[in-house]
Each structure stands twice: as structure tokens, then as C-alpha cells.
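Engineer: Below you'll find the structure I mean.
What follows draws every value from the coordinates through simple rules; no lab data is involved. Remember, it's a predicted structure, so these values are computed and weren't measured experimentally. We place every Cβ from the backbone using ideal geometry, glycine too, and count neighbours over all the protein chains shown.
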Amino acid sequence: MKIEENINLSNYTTIQLGGTAKYFIKCENTADLIKALEFAKEKNLKIFILGGGSNIVFPDSGFDGLIIKSEGNEIKIISETDDSVEVYVSAGTDWDKFVEWSVDNGVTGIECLSGIPGSTGAVPIQNVGAYGQEVSSSIKRLYAIDVENSEEKIFSNQECKFEYRYSIFKGELKNKYFIAGIEFELSRVKDVNFKYPDLRKEIEQSEDFKKISSRIEKLRFIRNKVIEIRKRKGMVIDENDPDSVSCGSFFTNPVISYEDYKERLKRFPDFRLISSFPAKGGIKLSAAKLIEVSGFSKGYFENGVGISQKHSLALINKGGTSKALIELAEKIKAAVYNKFEINIEIEPVVV
């Protein structure tokens, strides 16, 4: 385990923002993690646990403490039947590499989460979801280390308290546990998933897909199509695409009750322009449409930061600062509230 000092955090985030970390340790395994926690206690340091850096905004002033970055890389089958397979994945494993592994092994459950950057240990925190799937649907249990006493705790799916873009690790247990590994249960018999309208439309119109009979090849086709769609939206990290210097979606889609939805249709004429979908607990609104109708279009730019030209949910960095980024985000939030009296929440973790 190597202890590094004064590390530039912008090199470890996809938005490429943030100052320096006082201390920085990469942990390959649980033993490394425990040593890192002991070091933090000795120095009386505050701790931040970093995954792939795809959903984090560090301040320009940096982090006056210890950053612990998970680096482990393990995918291991624990048990399997004719119907399903249970797989342990270490927290530091690249998420998309695991999705690719699942596709190549013909198991379903996470194929629509292809192309999402970051580490596997980070995806449960936000309950990452895309194109009709959420990661919580495939998580059986989660292995974590208490940062206070270094003891391991196993969380069941239910104990993680998953909701839309939320888990207990984003709420009451934020920064209190280090996620060491996750056990997934994936299916060998369930149909491949392409229920999401945009994805379904492209697949159903494909003559190539209709000719495929192999389960694995169908999964590969869907995975490639998801990545293709994400690239068009600037949501796949690409050093040649300035619109991908982002945290992905910067705002979550708000959910309001059906009564509130009807009331806003009456009060705000432009509310009819907002795309909406049935959701648990009410109606889910398109944050992208809310932003655009409230006056912020794709390509808007100020103070070195702006809105992607490909997707209005993605805020991008073009030589700006974290301060400028958060100021723009708050300006967008205020515009949406002033227009429709709806709060849109920031999705990334703002340190």
C-alpha cells in the first residue's frame, strides 16, 4: 500500500475538476483498506471513498484528508443453476467490464447498463439505472467495511433501501461504509431486456436483430446498441468527445403525484411540453425537457462550463471550475422551479 500526497483530483474524475487531496491511497483488497483506515485514524483525517470518479464533483480547494480509491479487480462465480448464476464482483472492478462479462456469459439483468463509466462498488450507492433497468434488481447482497471500526458487514438487498437513484449509502450511511464487493444474481432464462421506448424502437427496426437466434448474440447486439445510443448523447467517456467531460446525467428525473401533475397541467401552459412516464408513486418527468423548456438549451455555455450539445441533462467542463459548475447547476434548478414549481435534484455527489 502506497501513501501519496498532494494528488490532483481532477485526474481521477470524468468531469476533470477539483483541487488536490492531502493524502491518497489505492486499495487492492480488504487488508489494504484496513491499513488505510488505521492511517487515517492515526493522522485524525477525514475520509472520502472514491470509485471510478464518474459521479463526483470535488471542490476547487481539494480535499484536506484521505482519499481511498478502490482498485481491486475480481469477478468470481459463487454458485450456478440452470436458471441463474450468482457472481461476486470486487468494488474496484470496472463496471462496464462486468457488464461485458455478463453479456459474454449469456446472463441477463444488467445488459442495458452498458457503457456506464465508473467502478462496480459505486453503482449501488446511486442505484444506477438506464434504459429500463436498475442495478438494484440484480443485487443479492453487498459486502462493506465500517470505516469506524474496520468490521465487515453484509447488507441484504432490502437493507440497502434502494429507491430511484438512491440507497442507504447515499443517505443515512453516507461515507460510513466502504463497499468492498457485491454479489449479483443474474438470469440464464429471462428474456433480454429492451423495453425502454428508444431502445425498443431501434431494435425492432433492425433487420440484423431479427436474424439472430443465439441468446448471447442477442445480448451483444443490445449491449452494442445501448452503447451506440449513449455515445450519441455524449454519455460514453471518449477523449475525442468534449461533450463526454461530464458526470453523465447531472439531474435526476423528478417524480410527482398524479394530482400534482394534473394541477400543473392546468396552471402552466408549457407543462404539456414535458415528457412524462408512469412511475412508482406517481408520474416521472423528463428533467431534460424541464431544463430546455425553462430556457436552458443544449450547448449553453458560461464561465468554462455548460450544457452538452448532445444531451441537456449533462453538464460539461471546458476549462471551468467546480464553483462555476455548481453555480450553473443551481441557476438551472432555480429556472425550473420558477417555471413549474418543481425541484430537480443534483445526481452526482458534490463533496
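Engineer: Would you compute, for the Cα atoms of region 3-70, the largest minus smallest coordinate along each principal axis and list the three values in descending order, in whole Å?
Structural biologist: That works out to 30, 22, 16 Å along the principal axes.
Engineer: State, to one decimal in nm, how far the label point of LYS41 lies from the label point of MET1, with both points 7 Å from Cα in the Cβ direction.
Structural biologist: About 1.1 nm, to one decimal.
Engineer: With θ taken as phi - 60° and the coefficients 6.51, -1.76 and 1.60, list the Karplus ³J(HN,Hα) couplings across region 119-130 in order, rounded to whole Hz; mark glycine and proline as x.
Structural biologist: 9, 5, x, 8, 5, x, 4, 8, 6, 4, x, 5
Engineer: With N set to the number of residues, divide the alpha-carbon radius of gyration of region 68-175 by 2.2 N^0.38 Å and report two decimals. Each step should come with its number before you reach the end.
Structural biologist: Details: Rg = 13.6 Å, N = 108, 2.2 N^0.38 = 13.0 Å.
So the Cα radius of gyration is 1.05 times the expected 2.2 N^0.38 Å.
Engineer: Per DSSP H run of n ≥ 4, the term is -39500 (n - 2.57); total these for the chain, divide by its residue number, and report the mean residue ellipticity at 222 nm rounded to 500 deg cm²/dmol.
Structural biologist: Numbers: 9 runs with 94 residues, N = 351.
Helices in the chain give a 222 nm mean residue ellipticity of -8000 deg cm²/dmol.
Engineer: While we're here: Got the relative contact order for region 3-70 handy, in percent, Cα pairs under 8 Å and 6 or more residues apart? Display every interim value, and only then the final one.
Structural biologist: Values: 134 pairs, mean separation 29.0, N = 68.
Result for region 3-70 is 43 percent.
Engineer: Another one. What residues have an amide H closer than 5 Å to that of LYS26, excluding those fewer than 5 places away on the same chain, when H is modeled at 1.01 Å from N in the peptide plane?
Structural biologist: Long-range HN contacts for LYS26: LYS2, LYS69.
Engineer: So how much slack lies between SER257 and GLU330, counting 0.36 nm per residue of separation and subtracting their Cα-Cα distance, in nm? Numbers along the way, then the final one.
Structural biologist: Working: separation 73, 0.36 × 73 = 26.28 nm, distance 2.40 nm.
Working it through step by step, the gained length comes to 23.9 nm.
Engineer: So how much slack lies between GLU71 and ARG267, counting 0.36 nm per residue of separation and subtracting their Cα-Cα distance, in nm?
Structural biologist: Working: separation 196, 0.36 × 196 = 70.56 nm, distance 5.13 nm.
Gain in length upon complete extension: 65.4 nm.
Engineer: Starting from the Cα gyration tensor of region 242-350, take the square roots of the eigenvalues, sort them a ≥ b ≥ c, and report rounded, prolate or oblate (rounded when a/c is under 1.5, otherwise prolate if a/b is larger than b/c, else oblate). Please report the intermediate quantities before stating the final value.
Structural biologist: On the way: a/c = 2.24, a/b = 1.96, b/c = 1.15.
The shape class here is prolate.
Engineer: For region 254-259, in order, what is each residue's ³J(HN,Hα) by Karplus, 6.51 cos²θ - 1.76 cosθ + 1.60 with θ = phi - 60°, in whole Hz (x at glycine and Pro)?
Structural biologist: x, 10, 10, 5, 4, 5
Engineer: Which three lengths, in whole Å and largest first, does region 118-228 cover when its Cα atoms are put on their principal axes?
Structural biologist: 57, 24, 22
Engineer: If you don't mind, another one. Output the peptides 9-17, 204-212 sorted from most to least packed, where packing is the average of other Cβ atoms within 10 Å over each peptide's residues. Can you show the working numbers first?
Structural biologist: On the way: 9-17: 20.3, 204-212: 10.7.
Highest-to-lowest ranking by the protection proxy: 9-17, 204-212.
Engineer: Right, here's the next one. Compute a Gaussian network model of the chain, connecting alpha carbons closer than 10 Å, and tell me which residue from GLY62, GLY132, GLY248 fluctuates the most.
Structural biologist: Between GLY62, GLY132, GLY248, it is GLY132 that shows the largest mean-square fluctuation.
Engineer: So, in nm, how far is label GLU28 from label LYS176 when the simple model puts each one 7 Å beyond its Cα toward the Cβ?
Structural biologist: 3.2 nm
Engineer: List, in order, the whole-Hz ³J(HN,Hα) value for each residue of region 197-212 obtained from phi through the Karplus relation with A = 6.51, B = -1.76, C = 1.60 and θ = phi - 60°; use x for Gly and Pro.
Structural biologist: Here the 3J(HN,Hα) series is x, 4, 5, 4, 4, 5, 6, 5, 8, 8, 5, 5, 5, 5, 8, 7 Hz.
Engineer: Answer rounded, prolate or oblate for region 135-292, using the Cα gyration tensor with square roots of eigenvalues a ≥ b ≥ c: rounded when a/c is under 1.5, else prolate when a/b is larger than b/c, else oblate. Numbers along the way, then the final one.
Structural biologist: Working: a/c = 1.68, a/b = 1.12, b/c = 1.50.
It is oblate, given that a/c is not under 1.5 and a/b is not larger than b/c.
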